[in-house]
Every structure is written in C-alpha cells, then in structure tokens.
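The values are calculated or read from the model by the stated rules, or taken from the named source; none is laboratory data. Only a predicted model underlies this, so the values are computations on that prediction, with no experimental measurement involved. As a convention, Cβ positions derive from the backbone with ideal geometry for all residues, glycine included, and neighbour counts pool all protein chains shown. Only protein heavy atoms, including side chains, enter the accessible area calculation; ligands, DNA and RNA are left aside. Shrake-Rupley method; radii C 1.70, N 1.55, O 1.52, S 1.80 Å.
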Amino acid sequence: MTVGPVARDAATARFFDGTAAGQFLLRRCPAGHFSEPPAVACTTCASAELGWAPAAGGATLVSWTVVWGRSSSDAGPERTVLVIGELDEGPWWWSQLAGADPASLAVGQRLRIEFRRGTDDHEAVPVFALA
Amino acid sequence: MIVGLGMTALGKVYDRTPADFAADAVRRAVADAGLQLADVDGLLTSSGVTGGISVDLQRDLGVADLRLLSHLQSYGATAATMVQVAALAVASGAASVVACVFADSPLRPGTSAGAAYGTRAGSPVGWWGLLGASGVVGTNPLYALAARRHMARFGTTTEQFGHIAVAQRGWAALNPDAQQRQPITLADHQSSRWIAEPLRLLDCCLVSNGGIAVIVTTAERAGGLPQPPVHVLGWAQSHPGHYLRRHPDFGLVTGAAMAGPAALGMAGVALTDVDVVQLYDCYTFTVLVTLEDYGFCGKGEGGPFVASGVLGPDGKLRLNTGGGQLSGYYLWGMTPVAEAIIQARGQGGERQADRHDIVLVSGNGGVLDHHATLVLGSAAGAS
C-alpha cells in the first residue's frame, strides 16, 4: 500500500503539523462538538469558532471499496482498499485501509489511524489499519 | 412550458469544444421550437468536467440584450435546475424565451473513458491533495462506498445492480442515439471487470461528448409553435449538504426522498399517475436508491424490486427508456431531461411509451449531494 505526495497550504498547515507528530487533529467548537478536519463551520451547530483537538485514533468501519487499477502486471491489477472510518469522536474520514483482506470486512469493525508518507519530503498522510 | 429540444451529435464526436457543442445545441433547439435566435431573451448555461462554457455563450450565439443570463452549477442536478429557473423566469415575466444548455467534451481520441474523469489537475496540495494522496481519486470509489453501505444495510447485491444495467441496455437497443446498443445479459454484467467494488464496469455510466439545449417559454408564446408542448408541472430540489462529512443517510437515503414528493405535490399528481420515469443514472446504484426514495418501492427494497422483472422494454415500469447514461449517452442531467421531453411529446419511436402524460425526472449531483426533481406533462397530462 502506498500513499501519494501532498503539500500543505494555509488551510492544512496545522493539520499536517499534527500528522507529522503522529496526531489526527479534528476541529472542535466551543460547545465541544467535533467536526472533520477540513470543516470551517461546526457540522453539528454551525459555529465558526473552531479550534483543533487531537483524535484518540480509534474508529469503526462505515463502508469500504476495493479500487482496481487498469495496469495488468504478472501480479494482476493493483488493488487498493478505501474505507470510510467513523472516528470515536464522531467525524468520518476517507482513506486507505492497510493490510486487510477485503473479503473479511464488515461494518462496525474496529480501526485505528496510522500515518504514512509518500517520501520523506512529503506530508504524512493518515490511513486506517485494523485495530 | 418546453417547446424546443436540440441535441448535437453525441458520443465519440471529437475535435469540438464544449462552447461549440453548446452553441450548436441552442441553434438546434431554437429551430426545433420554430423560433429565431433573436426571440431568445434568456440564456442559462451549464458546463461539465471540461468546463469551457460560460456567459460568453451569448456572444458566441450573437444574441443581444438578454434579460436573463447566468451560469449554473449543481453538477448533475443542474439541468433540471435550469428548467426550474427558466420556468420561474417566464412565469414572472423576467424573460419570455429561455434557452438552457449543457455541453461537455471529455473524450479524446485514443484515451480511455476513465481517463477523462479519473484525474485531478495540478499538483496535490491542501485538502484535495490529501484526499488524492489517500487514494480517493475520482467519483467511482465514492459511489462505491455509498453502494456498499446500501448493500451492507439492506442486503442489496451486485446481481440486483446488474438487472438495471441489462434493462437499460434493452432500451438503448431501441434508441438510435444510444452509444451502446448491443444486448447484454446478467452474466455479461457479472463478468465485467471491477472498477471499484461493488461497482463493475457495467454499473458505470458512459463518457460522452456533445451538447443538449431546451427552450422554455410561456403558454401564450407556445401557442402555434410546431412541437407538442411539454408542460413543466412541478419541481423541487434537495441538497443534504454533507459532502465528505459524517452523514448517517450516506448511501441509504438521497435528496430524492424530499424533492420527489414535493415536486409531485406541486404538480398535483400522485406517484401512481406517473407514466414514464427518467432517473439520473451515473451508476446502477443511483437508479436503485432513487426508486426507493421516490417511493416506487419501500426503503431497502430496491434490490428485490429491480430484480422482479419490472424493468426493461418488457417490464411495466417505463424507466430510462433511452438507455440512460449507462447505455445511451452521458450528458449529465440533460440525459434524463431530453428523454423525458421526447417521451412526453410522443416522439420516442420504437421505444415510445404508450402512456406518456406524466413524466418524472431526476437530477443528481456530486455524490448524492444535489438533487432536483421535475414533473413534466403532455397537454393531456397538464389538463
């Protein structure tokens, strides 16, 4: 499994500071609701006063897909398992699932967030693994 | 009411820009309506994945002093939305003859259809860059995640999706404008390659070049024009607003559940009055979940419903009678809108529905994020 390159911009700088330190940062409003990292308004109460707060790293499986590549080497087309994970704090995240047999997956399975880099000069990307 | 429909050559038509297709489509629609370009005083434009269309289309058409001009974007819901806005404009007197047009030209000679849609331009930066770096590229995996969730919750199967693909190919065989007309079987569907499980190649729409325009005008102005008028009887939109955010209904319920009953209510008709149904079908799954949301079957019962023999030219539901986006052609929301007009007029040839007084049309944009419903009617349906 590989992740691709990504560079930070102003909107993602704080988030990638977090991934570099092994943290998945969520947005949190004054009322304590958590939102997905790209949110600019609270997805529960629409507050625009969002701070950052680290997720604990646990999640459950909402849905999954196996994306098939077109290239057919001897090993067959490349396959990537993508999932939606529901973080224990509530928000959802979309990324790869590392090291899992897709035939064994079921909604509600426990996941945890890990971090991978394309190369050393790229930002660390959150991925899921089976807990 | 809708008095003109213009369709350019569709499909693998190369070396034409979206703006060229759009201008061609508007000219064809104006001619079909028995009008002149100078009669057009309103223009609504919509572009696809390749962009290239804007309010500059006014200049390309050489129409002066428009009273309504705007570029709209709610992705696959835009076509039905344009018809809604045009109907409101002519009802209010803001304009009297409004052209609504969509065109796109993503296909290039020698490249795959998937290549036209699967790429993200530019270097990977920011949140979009992160999504791509995570492996979430293009629309296929996002719809696959939606379809999988429906399957996991309700027991829906890939074979049930296949019934939709087979039925629509059956309709496409009767449509000379369709890109894929050779019959397929359920076995063909089941042996087509995986794109993003649980979606196979034959679960996914085509990619097409071309343009389609419609002309909307008042009942007064429609009198004496050559084509059977198609009445715009009802409309509604629904935009759930959770794209790439937590959404408990993701893959289970779409905006059609709100917009469908609202549009039928505005039209003053019941679902049982609907003669013909044209649903946005970017994937087979989209058809299945929209049928549930409109109430053709219960929530979660879409799989058994589509496998019950109700679909296709031999079934009793007149659904996506031109082959839809799966087998006909993919011009976003204009695919269902155009076939709805053809059917309401009674001009469907071999595929024409016997009863065609009330036609229900859906538009779907994003990943089930934007929905627009239209209820169209023949002269008899409007009375």
Exercise for the section: Measure out, as a whole number of angstrom, how far apart the alpha-carbon centroids of the range A:57-131 and the range B:291-351 sit. Expected result: 35 Å
Exercise for the section: Return the average number of partner chain Cβ atoms within 10 angstrom of each residue Cβ along peptide A:56-68. Expected result: 6
Fill in the blank from the handout: Pseudo-spin-label distance B:Thr111 to B:Arg67, built 7 Å along Cα→Cβ, given in nm, is 4.3 nm
Problem - Average accessible surface area per residue within chain B, 1.4 Å rolling probe, Å² - result: 35 Å²
Exercise for the section: Report the percentage of all Cα-Cα pairs in the protein assembly as shown whose separation exceeds 39 Å, rounded to a whole percent. Expected result: 26 percent
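Charges only on Cβ, +1 for Lys and Arg, -1 for Asp and Glu: so what's the dipole of the protein assembly as shown about the Cα centre, in debye to the nearest 20?
400 debye
Using heavy-atom solvent-accessible surface (probe 1.4 Å) with all chains present, what is the largest-first order of B:Lys12, B:Lys299?
Values: B:Lys12 150, B:Lys299 80 Å².
Putting B:Lys12, B:Lys299 in descending order of accessible area: B:Lys12, B:Lys299.
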Handout entry: Selection from B:Ala25, B:Gly333, B:His239, by position along the positive dipole direction of chain B (Cβ)
Key = B:His239
Completion exercise
Summed over the other residues with a beta carbon less than 9 angstrom from that of A:Pro38, with K and R at +1 and D and E at -1, the charge totals +1
Exercise for the section: Compute the signed sum of charges (Lys and Arg +1, Asp and Glu -1) over the other residues within less than 13 Å, Cβ to Cβ, of B:Gly312. Expected result: +3
Completion exercise
Note: B:Leu88 to B:Leu271 extended length (0.36 nm per residue) minus current alpha-carbon separation gives 63.5 nm
Fill in the blank from the handout: Relative to the compact-globule estimate 2.2 N^0.38 Å (N residues), the Cα gyration radius of chain B stands at a ratio of 0.93
Problem - Local net charge near A:Gly18, Cβ-Cβ under 12 Å (Lys/Arg +1, Asp/Glu -1) - result: +1
